[in-house]
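The block underneath contains the structure these notes are about, expressed in C-alpha cells.
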Amino acid sequence: MINNKFPKDFLWGTATSSYQIEGAMDADGKGKSVWDTYSHLSGKIQNNDNGDVACDHYNLWPKDIKLLKKLGVKAYRLSISWPRIFPSGHEKAPNLPGLDFYSQLIDNLLENNIKPFITLNHWDIPQGLEDIGGWPSRDMVDAFVKYSYYVSDNLGDRVKNWITHNEPYCISYLGYVHGQFPPGLKDNWPKSLATAHHLLLSHGMSINEIRNNSKESEVGITLNLAPSTPASNSTYDIEHCKFFDVQLNQLYLDPLYKKSYPEYLFDYLTKKRLIKKSDINFIKPGDLETIGKKTDFLGVNFYSRAIIRDQDIAEDKNLPIEVTPGEKTDFGWEIHPRSLYNLLIRIKKDYPIEKIYITENGCAYNDPPDKNNIINDSKRIEYHSSHIKELKNAIIDGVPCKGYFAWSLMDNFEWCEGFGKRFGLIWVDFESLERVPKQSFFWYKSLIENNGKET
Ligand code: GCO
C-alpha cells in the first residue's frame, strides 16, 4: 500500500510515441521515417507487423483525448513525427498540415487541462536523413536544430515541457551494435559512438532555440537507465558489468552533467579492438561545453535491472551464477521495483540533477478482455503500484522527482515485437481499433484522484 501522499503539484501522466500509435503513414504530406522503411523489411518485426495503421490515433485522436480526460491525468507525453514536419528532412520550410495536426491536438489537451510533454525525437527520423548518413553524420545536428526550431516556433506558445531525444542508447546501441533497430548495423562501435555524440550535441544545440521560441519552458532529455548487477563475483562478470553500466548510463549522464566522456569506455573498446582511438575524432573542440549546457530536467525511463554475465568466457571457466532474476513480465523483463529506488538515489548522488520526471515505466502483459469485455490485468496494477511505492521512497530520501508517466496510454506497436506485447492501460483491438480501458486504467485513475494514495 502507498500510504503517504505525493507532493501537491506532482504530475501524474501517461506516455505514447508517434510511430507506435499514429498510423496514417503517408497522410497530409508525411514522408517516410526509418521505422516505415525498416518495419516493411521482411523478418525484422515479429509477425511482419508494421505501424502503417497502428492505433490510427492520427484519425481517432478525439476519442483518445476523451480517454485521457477520463483517466484524469495531469500530463500527457507524446512525440512528434519528424517526417510529418519535414517529409524528407531536407525541405527549407515545414509541412504545415503536419504542424496543424499537432497544434489541434495540443489545443484540445490544454482545453482539457492536460499538460503536453513533447518528445521531438522518439526514433522515427525522416528516411531522407538516414539516406545521407543518419546520426553517425554530423549533418544530423543541424537538421535536428532546424526541426526543433520550427516545432517550438509553432507550438512553443502553448507547449512548455520539451524532451529533445528519447533513449539515445537505443538509437546508438540497438541501431549500430546490436543490429535490432534501424539501420540494423551490427558491431559498428565507431558509428554507434558517433551517433551517441551527435544526439547529445543536437540536444545541447537545440536548448537555446527551444527556450527562445517557448518562453518559460523547460527542456530535458529522456534516457533509459538501469542499475546493473554482476551475475557472480568473478572478475569477468564484474568487469563486464562495469562496461555495461558505463555504456548504458555514464556514456550519456557524464557529458550531460559533467562535460566529459567516461574515458574507461573508449579504453575498454580500444583494448578489445572494437574501435581505434582515431575513431573518436567526431568530438570537436567546444562540443562538451555545448552538451553540458544546463538541461532543465532529466527524463528517466525505467523498466528493469540488468543482471550481467560475461558471455565471452566459457561457462565452465566462470564462477557459478549467484544472482538469478525473480518474476518476469510477458516480455521476459524481471520485475525489480527496488532497482528504481537504487537508480534514483545513485544518480542523485553522482550528478547535480535538479529535476527528474519518470517519463516511462510500465510492463507488457497480454491479458485479453473476458466475455463481459473486462480486462483484469492485476499484474500490471501490481507492477505500477510497487514501482510508485519505491518512487515515493526515493522522493522521501531527497530525489527531486516531479512526475510519473505510465507507459503506455494504450496498447501499441511495440517496435520489433510488433503488436504482440501490450503495455497499455487501454486494450486496443488492432482489427476494429476499439479501445477498452483495462482494470489498471481505473486503478490508475483512482490513484491520481488520491494523489498517489491507493484506496
Ligand atoms: C522504449 C520506448 C518505448 C517502448 C517501451 C517499452 O523505451 O523502448 O521509449 O517506445 O515502447 O519502452 O519497450
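The values are calculated or read from the model by the stated rules, or taken from the named source; none is laboratory data. None of the values given here were measured: they were computed from a predicted structure. Neighbour counts are summed over all protein chains in view; Cβ atoms, including those assigned to glycine, are modelled from backbone coordinates with ideal geometry. Note: areas computed on protein heavy atoms with side chains; ligands, DNA, RNA excluded. Shrake-Rupley method; radii C 1.70, N 1.55, O 1.52, S 1.80 Å.
Considering only residues that are of a type in the set (Asp, Glu), closer than 24 Å to Phe282 by Cα and away from the ligand (no atom under 16 Å from the Cβ), which ones fall in region 136-171? Within region 136-171, Asp139, Asp142 meet the criteria.
When you check Asp429 against the structure, is it surrounded by fewer than 19 Cβ atoms within 10 Å (Cβ to Cβ) and touching a Leu at 6+ places or on another chain (Cβ under 9 Å), yes or no? The answer is no for Asp429.
In region 257-284, the residues that are of a type in the set (S, T, N, Q) form Cβ pairs under 7 Å with partners that are surrounded by 12 or more Cβ atoms within 10 Å (Cβ to Cβ) and not in a loop (DSSP other than H, G, I, E, B), at six or more places apart or across chains, as follows: Ser260/Asp254; Ser260/Leu288. Restricting attention to region 105-126 and to residues that are away from the ligand (no atom under 16 Å from the Cβ) and among the β-branched types (Val, Ile, Thr), the residue that is nearest to Lys30 (Cα to Cα) turns out to be Ile106. Considering only residues that are more than 22 Å from Leu68 (Cβ to Cβ) and either of a type in the set (A, V, I, L, M, F, W, C) or crowded, with 20+ Cβ neighbours inside 10 Å (or both), which ones fall in region 391-408? Residues satisfying the conditions are Lys392, Ala394, Ile395, Ile396, Val399. Elements of the type helices (runs of 4 or more DSSP H) sitting completely within region 18-79 and holding at least 3 residues that are closer than 30 Å to Gly403 by Cα: these cover 18-21, 57-71.
Only residues that are in a helix (DSSP H, G or I), open to solvent by less than 20 Å² (accessible area, probe 1.4 Å) and either in contact with a Phe, Trp or Tyr (Cβ under 7 Å, 6 or more places away or on another chain) or under 19 Å from Ser79 (Cα atoms) (or both) were counted in region 125-144, giving 5.
Residues in region 178-194 that are in contact (Cβ under 8 Å) with a residue 12 or more places away in the chain, within 16 Å of the ligand (Cβ to nearest atom) and either in a helix (DSSP H, G or I) or open to solvent by 40 Å² or more (accessible area, probe 1.4 Å) (or both): Gln180 alone. Is it the case that Val219 is more than 16 Å from the ligand (Cβ to nearest atom) and assigned to a loop (DSSP other than H, G, I, E, B)? It is false that Val219 is more than 16 Å from the ligand (Cβ to nearest atom) and assigned to a loop (DSSP other than H, G, I, E, B).
The residue of region 346-363 that is nearest to the ligand (Cβ to nearest atom), among those that are in a helix (DSSP H, G or I) and out of contact with any strand residue (DSSP E or B) (no Cβ under 9 Å at 6 or more places or on another chain), is Arg346. Any chance you could count how many residues in region 314-349 are over 22 Å from the mean Cα position of the chain (by Cα) and at pLDDT 95 or above? Number satisfying all stated conditions: 14.
Between Phe441, Phe413, the distinction of being at pLDDT 95 or above, open to solvent by less than 10 Å² (accessible area, probe 1.4 Å) and within 15 Å of the ligand (Cβ to nearest atom) belongs to Phe413 only. A Cβ distance below 6 Å, combined with a sequence gap of six or more or placement on separate chains, defines the contacts here; from region 221-239, residues that are within 22 Å of Ala196 (Cα to Cα) reach residues that are within 16 Å of the ligand (Cβ to nearest atom) and among the hydroxyl-bearing types (Ser, Thr, Tyr) in the pairs Ile221/Thr164; Thr222/Thr359; Leu223/Tyr252; Asn224/Tyr169; Pro227/Ser339.
Residues checked against (1) in contact with a helix residue (DSSP H, G or I) (Cβ under 8 Å, 6 or more places away or on another chain); (2) within 16 Å of the ligand (Cβ to nearest atom):
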{"position": "Thr14", "(1), (2)": "yes, yes"}
{"position": "Gly23", "(1), (2)": "yes, yes"}
{"position": "Lys30", "(1), (2)": "yes, no"}
{"position": "Trp35", "(1), (2)": "yes, yes"}
{"position": "Pro62", "(1), (2)": "yes, no"}
{"position": "Lys74", "(1), (2)": "yes, no"}
{"position": "Leu78", "(1), (2)": "yes, yes"}
{"position": "Ser81", "(1), (2)": "yes, yes"}
{"position": "Glu91", "(1), (2)": "no, no"}
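Within region 29-48, not a single residue is in contact (Cβ under 8 Å) with a residue 60 or more places away in the chain and touching a Leu at 6+ places or on another chain (Cβ under 6 Å). Residues considered: Leu248, Leu253, Leu193, Leu201. Of these, the only one that is in contact with a strand residue (DSSP E or B) (Cβ under 9 Å, 6 or more places away or on another chain) and closer than 17 Å to Tyr176 by Cβ is Leu248.
Could you list, in sequence order, all residues of region 416-425 that are buried (at least 24 other Cβ atoms within 10 Å of the Cβ) and either in a helix (DSSP H, G or I) or near the ligand (Cβ under 8 Å from one of its atoms) (or both)? Of everything in region 416-425, just one residue is buried (at least 24 other Cβ atoms within 10 Å of the Cβ) and either in a helix (DSSP H, G or I) or near the ligand (Cβ under 8 Å from one of its atoms) (or both), namely Phe423.
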